[in-house]
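One structure is given below, encoded as structure tokens.
The values are calculated or read from the model by the stated rules, or taken from the named source; none is laboratory data. Predicted, not measured: the structure shown is a model, and the values here were computed from it. Neighbour counts run over all protein chains shown; Cβ positions are idealised from the backbone, glycine included.
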Amino acid sequence: MPIFGFVAFVLLLSVLLRAAYRLWRRFQPRRRRSSRREHDASRHPAAKRAAPPVQIVLPPVSSVADLPPPKWAEPKRSELHVNFVREGDPAKGDWDMTFVVMAQARLTAADRPLRLVREVILTTVGPDKIGRAVHTINAEWKQKNREDFEYSSRKLSPTALDTNAKEWLEVLRVPVNQLEFARRGQNVLRARVTWRDGETGRLILQTEAGCQIEVTDAGYLDRKEEQTQPEWPSLRVVAAVLHLGQAPAEAAVKQLEKWVDAMTAKGDRQPPMVAYRVARVRQIMQDAARRSESEREIQARDACRHLAKVMNPDGRAGALEFFFRYAAFDGKVTPKELNFAKQLTEWLEVPAQRARELRDKFLPVTMHVPDPAAAPSAGADSGAEESLLGLRPGMSPEQRRQHLNAEYRKWNARADHPDLRIREQARLMIEKIAGLRQRASENSPTAP
Amino acid sequence: MKTFAGIDLGTTYSALAVLNDQGKPEVVPNLAGDRLTPSVVWFPQEQEDVARVGAEAKQMVAQQPERVVQFVKRHMGEPAYRFSAGGREWSAVEISALILRKLKEECVQRGEASDVIVTVPAHFDEVQRKATMEAGLLAGLNVLGLINEPTAAALYYASSHEMQGNVLVYDLGGGTFDVTVLEIKGTEVRILTSKGDGYLGGIDFDRTIVRHYDAEHRAAHGTPLLPEAILLSRANATPPDAEVRELYQRLLDLAEKDKRALGARPQITRVLTTPAGETKVTLTRERFEELISAYVAKTEMLVENALEDAKLRPRDVQATLLVGGSTRVPVFARSLEQLMGIPPLAVVNVDEAVALGAALAAGKRIQERSPRALSPVVSAEVSKTRLTDVCNHYFGVLVLDRRSGGHPVVRNTIMLRKNTPLPCSENQVFSTVQANQRSVLIRITQTAEYETDPDYARQIGQFQVPLPPNCPAGFGLKLRYTYDTDQRLHCEAVLANGRSFEGTLQLDGQNATSQSELREKQQKLEKFTVE
């Protein structure tokens, strides 16, 4: 009988230990904050209940089309499993992607909760390998991965049925570079996202090239790379050159904050987003102020060249406009700022005509201050005026005449504008044009 | 006896003309016998309900500058402009109404004018034109319509002289410069284009001469004659200090005299007496022409722009006509001849051509409305020419443009193009932005050149169009702009469901004048005696 009791005790103990082990295994992913690697594919619970994979072939980038109003995703559950299958060799960059989680919430109240996503578990299951990355979204993770953690939100148009409904998207970029993929065969990427507050979500896969594929139960959508607002590279540009050698002036930063606020209103409006961007502004400005002048110039040039590669002409012009607005905050435009504007125009590859239009609009001649170091001379004045009016060296007299006529036509049309600043600017420009025309007539060989 | 007339409401001088029994236009002198009435109004201190207009007021400019207002045409369409005199504030429209009333009440040798055509510079926009019409109504006139000044002059020349082909009218007056290119084929006068500058005229040349006096004074005594802000201002700036005001007006009077004298003499010399002492000022014609060379350059560029718009070269123009008193300054005629390759014509008194043409235009308008109102002789004379005018500006609407691919941006979309023969009309279809929009706000713009940037487009009016309930995004709306021969813009919106809405232009809020407000202003003005 004691033997029977001992065996019963051992059996009970093994059951209890097994249960404890299972319990421990179950909670282990939530405690751990670094990625783990498991090699036992057959014992991985996810592998056993794998849903039929969704074949995804990255579609070619199509022409821009507005995202149609989303269908409200069903079912409403707190966890969503999606399987992806991607052909190709990860080592060759076929899997070069960032996993983007978009949280979508449908509310009838004006406010929306933040941080809908609590945790993302990414698992890759290959023929012989399983990689797993767990990202618990908390303050520490956000701080550590701040370059990848980005909030953006977009308010979508209300549906016809529920005019009060607002839909918000929260975007978290989670890199998959910590995962390992099988070199041959198919790799399956799975994502399990736990949402807060019982909200639902949709998963979207985005490649480095910016092509987005949303995988939902209803199918997938794709759209061209969304033009991002040029704040961050532009801020680097601005910070790199405007307050050379000085800490950023509080007034200047406030002006930037206003602009960021105004720009945010055009696309996605959300007070915490604005505050976040404003904090970024200050951070970048302070960082730039600590650098040397040559470092800042290199930084600006590199930023511009990067922008020139990734942005379309409108975006690059927007970056230039941003610089002009910032330069104009104190009501004065120095020759140094004007010269740098020319350099930016060249680095950003903005057409000269468009750059001049932007400059005339945001840095009007009424704000220009003379260079105190420059010796006054007719030649210097004339050169500056010709540059201001877009006259290029090498233009023939006839070309100069036609260009001045076109400029006069443009500014004369603005001479009666209700805005006094525009009227005054038009008056000054017309005087310069008339002066150049008159000097050209005097120097003309046919002049009496 | 009531009659119809044409009125040239000028920046510095105004004139009224009627058609005589033979249908020929004639300028009617005022009671003092002057054919031109200075556009100057004086509010005497000792007579609170009296406004004196004309030569007498002009004489008081230097003595009581704070009670005399001139060059008010440069402020037409400025809702914020006010002239204070005798405890009352006067708008540009009200002051212009006083000048028109003077003409109406004094130029009565041929009967009292009741139906009139008033001239405006070609570059005047919709706001300024409506302000001019309102001035006529306040003066108790029945304004049949408006006509551009160069067009009026061209009409006069075409009807009174044998002229065919392309003609360029060069109208340089006291305050404005306009150039119009037209084509005369048989009896048809077809305007091709007009361009102008509202800040280029005789008063600017006078100010240039005053700046020359100041420079000479500084060279002699080391001190300026006047504050720099006054010397550089191009508006009708009134210095705050009474002594400076008086000095400034005196200098302007002298400058005007010297300008006229240089037309006949190569040099003038005068002595200026100031608290700093005496300054002998010499001004040669060459030096004067050098001082105003920038203005000459501007006129040349405007002429070239006008030719470009008309798609003509200088050699395609058969005649150039000089209109306006400031064309008497020789350098402008010379510059025009150099530019066009032919000497310009000034076949009548250049100060009166615009009024004479306006009288003809008034006759045409009366003939259109009531053919029997004119005698056969007058009717035949008036019918000698047919006028086709053009749209003077670009008219547009502010829309949200989603085609740029990025964020939607507001753009000015052009509906009616400048230089389109009148009457003209244009439709364009737009759509709503969002679902469940309750209304659409149509914002009407006007520009002198083709402009898509909304910041440079002048918004001249707006009206709201209500939409049906549960309107989906993309709901269609057709907008129609029409510009008639009276130089008036009409806007209509037609919805996809067939309902249409007429736009009532509310110009710039402050400019909007309801009928009751108009009557009230009329009654206030009637209490004033114009002498």
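May I ask you to list pairs of residues, at least six apart or on different chains, whose Cβ atoms are under 7 Å apart, with the first in the stretch B:427-445 being within 12 Å of another protein chain (Cβ to nearest Cβ) and the second being of a type in the set (S, T, N, Q) and assigned to a strand (DSSP E or B)?
B:445/B:412; B:445/B:459
Select from the stretch A:392-410 the residues that are more than 7 Å from every other protein chain (Cβ to nearest Cβ) and under 23 Å from residue B:395 (Cα atoms) and list them in ascending order.
Passing the criteria: A:406, A:407.
Please enumerate the residues belonging to the stretch B:47-74 that are on the phi > 0 side of the Ramachandran plot and either touching a strand residue (DSSP E or B) at 6+ places or on another chain (Cβ under 6 Å) or crowded, with 19+ Cβ neighbours inside 10 Å (or both).
B:54
Which residues, counting only those in the stretch B:305-328, are in contact (Cβ under 8 Å) with a residue 60 or more places away in the chain and either of a type in the set (A, V, I, L, M, F, W, C) or within 14 Å of chain A (Cβ to nearest Cβ) (or both)?
Listed by number, the residues that qualify are B:305, B:306, B:307, B:309, B:310, B:312, B:317, B:319, B:321, B:322, B:323.
To keep it simple, each residue is scored yes or no on (1) at pLDDT 90 or above; (2) among the basic types (Lys, Arg); (3) closer than 19 Å to residue B:337 by Cβ.
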| residue | (1), (2), (3) |
| --- | --- |
| B:250 | no, yes, no |
| B:261 | yes, no, no |
| B:296 | yes, no, yes |
| B:303 | yes, no, yes |
| B:321 | yes, no, yes |
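Check A:434, A:413 and return the single one that is within 7 Å of another protein chain (Cβ to nearest Cβ), hydrophobic (A, V, I, L, M, F, W, C) and touching an Asp or Glu at 6+ places or on another chain (Cβ under 7 Å).
Of A:434, A:413, the one residue that is within 7 Å of another protein chain (Cβ to nearest Cβ), hydrophobic (A, V, I, L, M, F, W, C) and touching an Asp or Glu at 6+ places or on another chain (Cβ under 7 Å) is A:413.
Quick one: residue B:89 ticks every box in (1) acidic (Asp, Glu); (2) over 14 Å from residue B:531 (Cα atoms); (3) at pLDDT 85 or above; (4) touching an Asp or Glu at 6+ places or on another chain (Cβ under 8 Å) bar one, so which box is it?
Among (1) acidic (Asp, Glu); (2) over 14 Å from residue B:531 (Cα atoms); (3) at pLDDT 85 or above; (4) touching an Asp or Glu at 6+ places or on another chain (Cβ under 8 Å), residue B:89 violates only (4).
Out of the stretch B:66-83, which residues are more than 16 Å from the chain's Cα centre (by Cα) and in a helix (DSSP H, G or I)?
Selection gives B:66, B:67.
Restricting the first residue to the stretch B:40-64 and requiring it to be closer than 20 Å to residue B:524 by Cβ and in the same structural domain as residue B:87 (by TED's automatic domain parsing), which pairs with a second residue that is surrounded by 14 or more Cβ atoms within 10 Å (Cβ to Cβ) and small (Gly, Ala, Ser) meet a Cβ separation below 7 Å and a spacing of at least six or different chains?
From residues that are closer than 20 Å to residue B:524 by Cβ and in the same structural domain as residue B:87 (by TED's automatic domain parsing), the pairs are B:41/B:51; B:41/B:57; B:42/B:57; B:43/B:51; B:43/B:85; B:43/B:86; B:48/B:86.
Given the criteria under 19 Å from the mean Cα position of the chain (by Cα), under 22 Å from residue B:517 (Cα atoms) and of a type in the set (A, V, I, L, M, F, W, C), does residue B:127 qualify?
yes
Hey, among B:291, B:302, which residue is within 20 Å of residue B:203 (Cα to Cα), touching a Ser or Thr at 6+ places or on another chain (Cβ under 6 Å) and within 13 Å of chain A (Cβ to nearest Cβ)?
Matching residue, one of B:291, B:302: B:291.
Filter the stretch B:112-126 down to the residues that are farther than 16 Å from residue B:389 by Cβ and of a type in the set (A, V, I, L, M) and list them by number.
B:113, B:116 - these are the residues of the stretch B:112-126 that are farther than 16 Å from residue B:389 by Cβ and of a type in the set (A, V, I, L, M).
Could you count how many residues in the stretch B:268-312 are touching a strand residue (DSSP E or B) at 6+ places or on another chain (Cβ under 7 Å), assigned to a strand (DSSP E or B) and surrounded by 14 or more Cβ atoms within 10 Å (Cβ to Cβ)?
7
Output the residues belonging to the stretch B:438-461 that are part of a strand (DSSP E or B) and buried (at least 20 other Cβ atoms within 10 Å of the Cβ).
The answer is B:440, B:442, B:444, B:445, B:446, B:447, B:458, B:460, B:461.
Kindly indicate whether residue B:323 is in contact with an Asp or Glu (Cβ under 6 Å, 6 or more places away or on another chain) and within 19 Å of residue A:438 (Cβ to Cβ). Let's see the steps before the verdict.
Working: in contact with an Asp or Glu (Cβ under 6 Å, 6 or more places away or on another chain): yes; within 19 Å of residue A:438 (Cβ to Cβ): no.
When the stated conditions are applied, residue B:323 does not pass them.
Among the residues of the stretch B:462-496, count how many are under 23 Å from residue B:120 (Cα atoms) and either outside any strand (DSSP E or B) or within 11 Å of chain A (Cβ to nearest Cβ) (or both).
Number satisfying all stated conditions: 5.
State whether the residues of the stretch B:369-381 include one that is closer than 30 Å to residue B:34 by Cα and crowded, with 20+ Cβ neighbours inside 10 Å.
yes
Determine, yes or no, whether residue A:379 is on the phi < 0 side of the Ramachandran plot, surrounded by fewer than 14 Cβ atoms within 10 Å (Cβ to Cβ) and either modelled with pLDDT under 95 or not β-branched (Val, Ile, Thr) (or both).
yes
Any idea which residue in the stretch B:497-531 is modelled with the lowest pLDDT, counting only those that are among the acidic types (Asp, Glu) and under 27 Å from residue B:479 (Cα atoms)? Let's see the steps before the verdict.
Here is the first cut: in the stretch B:497-531, the ones among the acidic types (Asp, Glu) are B:502, B:508, B:517, B:520, B:526, B:531.
With under 27 Å from residue B:479 (Cα atoms) added as a condition, the list becomes B:502, B:508.
Working: B:502: 79, B:508: 43.
Top of the filtered list is B:508.
Residues to consider are A:364, A:397, A:445, A:351; find the one that is modelled with pLDDT under 85 and not aliphatic (A, V, I, L, M).
A:445
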